[in-house]
Amino acid sequence: MPKDSLTITDNRTGKTYEIPIENGCIRTDALRQIKVDEKDFGLMGYDPAFLNTANTKSAITFIDGDRGILEYRGYPIEQLAEKSTFLEVAYLLLNGELPTKEELDEFTHTITHHTYVHENVKRFMEGFRYDAHPMSMVASTVAALSAFYPEAKNIKDAKIRRIQMMRLIAKMPTIAAFAYRHSVGQPYVYPDNELSYVGNFLAMLKKIGTNTYKPHPVLERALDVLFILHADHEQNCSTTSVRTVGSSQVDPYSAVSAGVDALYGPLHGGANEAVLRMLREIGHVSKVPEFIAKVKSGEAGSRLMGFGHRVYKSYDPRAKVIKRIADEVFEVTGKNPLLDIALELERIALSDDYFVKRKLYPNVDFYSGLIYEAMGFSADFFTVLFAIPRTVGWVAQWEEMVLDPEQKIARPRQIYIGPKRRDFVPLEQRKK
Ligand code: ACO
């Protein structure tokens with residue numbers, strides 16, 4: 001019977017060590033016993049960007065990138081996208097189980113009745129320049145919420161913790177909508193708690209004057225499904241930022257604002273915008289083979305944006321769902337003229353050896369930008385549309401971290417490569 005352990009021989013000393021394997025991992029802490037002599041600090045792992053380091057145990061989201069599987073609390077994303085709603089999925093991510101009817105009603109009531117922000121939050125947002133990027137506004141405003149809810153720092157108190165989590169999920173659409181209205185110079189629209197989570201968000205974006213805006217049910221459902229698809233994605237860059245900042249035991253508003261900042265980066269939340277730019281640059285279906293050839297030759301670092309993923313080495317399961325939603329949305333809005341170029345790109349790439357060999361498939365961003373654009377959103381708002389649902393994942397992961405007895409303040413090690421110790425040189429003796 002093979003043992004669940006790893007035997008390591010240190011060729012510097014000839015000593016052998018046995019390290020336990022648990023959940024397919026070794027604890028890198030166990031390497032510290034491997035020393036050349038007593039003064040030696042002990043062996044560490046070197047893993048820039050955490051390519052092969054698990055930072056936590058988590059019971060929230062499961063991904064199998066080789067098989068294209070994404071599950072929230074064990075439920076396949078395809079089933080949730082087809083049969084569930086965003087708030088039901090939010091409840092599932094936060095609590096581990098699907099809600100009963102009463103639980104869902106209560107949760108929906110709580111979320112849709114914490115949508116208002118303090119009037120001074122509105123004034124705070126009014127202070128931004130007319131051309132402020134909506135993501136900068138959202139990140140700063142989320143951070144500012146900690147000044148409005150000082151009790152939020154009591155993160156050990158379950159009741160206080162939960163109310164801040166609800167506030168974050170409930171107020172994010174309001175803050176996002178205010179950021180949008182600010183950027184187009186229109187008055188902010190207060191939330192309507194009688195509408196659905198997504199319906200209220202759309203109303204706060206689109207309502208003009210006193211008219212009673214009613215979102216198209218197909219578009220409302222499409223956005224709800226897109227929110228389900230973006231709700232969590234385990235230990236990605238922004239979630240890791242939330243956990244890392246939160247590990248100092250700061251309040252959740254400060255931790256989540258770090259997540260919004262991380263998402264703002266073009267390598268994380270900004271790829272769908274790049275897809276649209278690429279499709280526009282290609283301009284016509286007939287130019288697709290030429291573009292593919294340019295990507296394959298590596299000319300000027302060209303990449304097929306919206307293709308490839310660090311984790312998925314097969315079709316991103318979210319991209320499949322999004323493709324279906326795109327058809328439904330275009331029935332209502334009319335087809336986005338860039339769709340034909342996207343479909344042709346996908347057709348050629350999926351049968352081309354270059355992409356097949358490297359396991360490059362469409363990711364979640366390949367079609368989402370087309371849908372958002374058809375729904376009337378401008379490209380700089382796409383990342384905000386990602387931040388709203390991801391707030392659920394951030395707070396679920398934040399609370400899991402707070403409750404995990406194994407977690408401590410995040411504090412990686414380094415390999416020092418700077419100068420050796422030297423004596424201070426007085427200013428007048430320094431040479432250029
Ligand atoms: N187009 C063309 N070639 C690609 C692409 C692409 N989109 N992605 C990867 N490759 C090639 C690389 O050139 C490399 O080829 P080589 O082995 O000949 O050098 C090989 O595939 C492996 O690529 P890496 O960069 O090592 O893969 P990594 O896992 O680091 O990158 C990433 C993943 C960043 C997503 C990459 O595929 C990419 O840049 N895609 C386009 C941007 C994009 O769509 N990002 C959104 C990701 S989803 C999200 O964050 C929500």
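The values are calculated or read from the model by the stated rules, or taken from the named source; none is laboratory data. Note that the structure is a prediction, hence the values are computed from the model and not measured. Backbone-built Cβ (ideal geometry, glycine too); neighbour counts: all protein chains shown. To get the accessible areas, we keep the full protein, side chains included, count just its heavy atoms, and leave off ligands, DNA and RNA. Shrake-Rupley method; radii C 1.70, N 1.55, O 1.52, S 1.80 Å.
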Worksheet entry | Among residues of the range 252-266, those that are open to solvent by 10 Å² or more (accessible area, probe 1.4 Å) and more than 20 Å from Ile163 (Cβ to Cβ), counted | 6
Discussion item. Being of a type in the set (Asp, Glu), open to solvent by 30 Å² or more (accessible area, probe 1.4 Å) and either touching a strand residue (DSSP E or B) at 6+ places or on another chain (Cβ under 6 Å) or outside any helix (DSSP H, G or I) (or both) is the requirement here; does Glu194 meet it?
Written reply: yes
Item to complete: Name the single residue, out of those in the range 36-54 being farther than 26 Å from Thr239 by Cβ and in contact (Cβ under 8 Å) with a residue 12 or more places away in the chain, that is surrounded by the fewest Cβ atoms within 10 Å (Cβ to Cβ).
Response: Val36
Worksheet item: How many residues are in contact with an Asp or Glu (Cβ under 8 Å, 6 or more places away or on another chain) and within 11 Å of the ligand (Cβ to nearest atom) if we restrict to the range 275-290?
Response: 1
Worksheet item: If you go through the range 130-145 one residue at a time, do you hit one that is over 19 Å from the mean Cα position of the chain (by Cα), under 19 Å from Val260 (Cα atoms), of a type in the set (Ser, Thr, Tyr) and buried (at least 18 other Cβ atoms within 10 Å of the Cβ)?
Response: no
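Can you tell me which residue within the range 179-191, out of those that are in a loop (DSSP other than H, G, I, E, B) and hydroxyl-bearing (Ser, Thr, Tyr), is least open to solvent (accessible area, probe 1.4 Å)?
Per the stated criteria, the residue is Tyr188.
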Item to complete: All but one of (1) surrounded by 13 or more Cβ atoms within 10 Å (Cβ to Cβ); (2) in a helix (DSSP H, G or I) hold for Asp105, so report the exception by its number.
Response: (1)
Practice prompt. Can you work out which of the residues in the range 293-308 that are open to solvent by 30 Å² or more (accessible area, probe 1.4 Å), modelled with pLDDT of 90 or more and not hydroxyl-bearing (Ser, Thr, Tyr) is farthest from the ligand (Cβ to nearest atom)?
Written response: Ala293
Discussion item. From the list Arg221, Arg277, exactly one residue is open to solvent by 20 Å² or more (accessible area, probe 1.4 Å), part of a helix (DSSP H, G or I), at pLDDT below 95 and not aliphatic (A, V, I, L, M). Which is it?
Written reply: Arg277
Item to complete: Could you tell me whether the range 339-361 includes any residue that is touching a Gly at 6+ places or on another chain (Cβ under 8 Å), under 23 Å from Glu82 (Cβ atoms), within 16 Å of the ligand (Cβ to nearest atom) and not aliphatic (A, V, I, L, M)?
Response: yes
Worksheet, complete the sentence: How many residues of the range 345-383 are in a loop (DSSP other than H, G, I, E, B), open to solvent by less than 30 Å² (accessible area, probe 1.4 Å) and touching a residue at least 12 places away in the same chain (Cβ under 8 Å)? The answer is 4
Worksheet item: Restricting attention to the range 244-266, which residues are of a type outside the set (Ser, Thr, Tyr) and either touching a His at 6+ places or on another chain (Cβ under 9 Å) or in a helix (DSSP H, G or I) (or both)?
Response: Val245, Gly246, Pro252, Ala255, Val256, Ala258, Gly259, Val260, Asp261, Ala262, Leu263
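Per-residue answers, yes or no, for (1) open to solvent by 100 Å² or more (accessible area, probe 1.4 Å); (2) within 26 Å of the chain's Cα centre (by Cα):
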{"residue": "Pro389", "(1), (2)": "no, yes"}
{"residue": "Trp394", "(1), (2)": "no, yes"}
{"residue": "Trp398", "(1), (2)": "no, yes"}
{"residue": "Gln407", "(1), (2)": "no, yes"}
{"residue": "Gln414", "(1), (2)": "yes, no"}
{"residue": "Gly418", "(1), (2)": "no, no"}
{"residue": "Arg421", "(1), (2)": "yes, no"}
{"residue": "Leu427", "(1), (2)": "yes, no"}
Practice prompt. Working only within the range 108-129, note down all residues that are among the polar types (S, T, N, Q) and surrounded by 18 or more Cβ atoms within 10 Å (Cβ to Cβ).
Written response: Thr108, Thr112, Thr115
Discussion item. For the list (1) at negative phi; (2) away from the ligand (no atom under 13 Å from the Cβ); (3) surrounded by fewer than 12 Cβ atoms within 10 Å (Cβ to Cβ); (4) of a type outside the set (D, E, K, R), I need the number of the one condition that Gly334 fails.
Written reply: (1)
Discussion item. So if I check each of Gly269, Gly209, which one is surrounded by fewer than 20 Cβ atoms within 10 Å (Cβ to Cβ) and part of a loop (DSSP other than H, G, I, E, B)?
Written reply: Gly209
Fill in: Count of residues meeting criterion [more than 16 Å from the ligand (Cβ to nearest atom), in contact (Cβ under 8 Å) with a residue 24 or more places away in the chain and open to solvent by 20 Å² or more (accessible area, probe 1.4 Å)] in the range 239-250
4
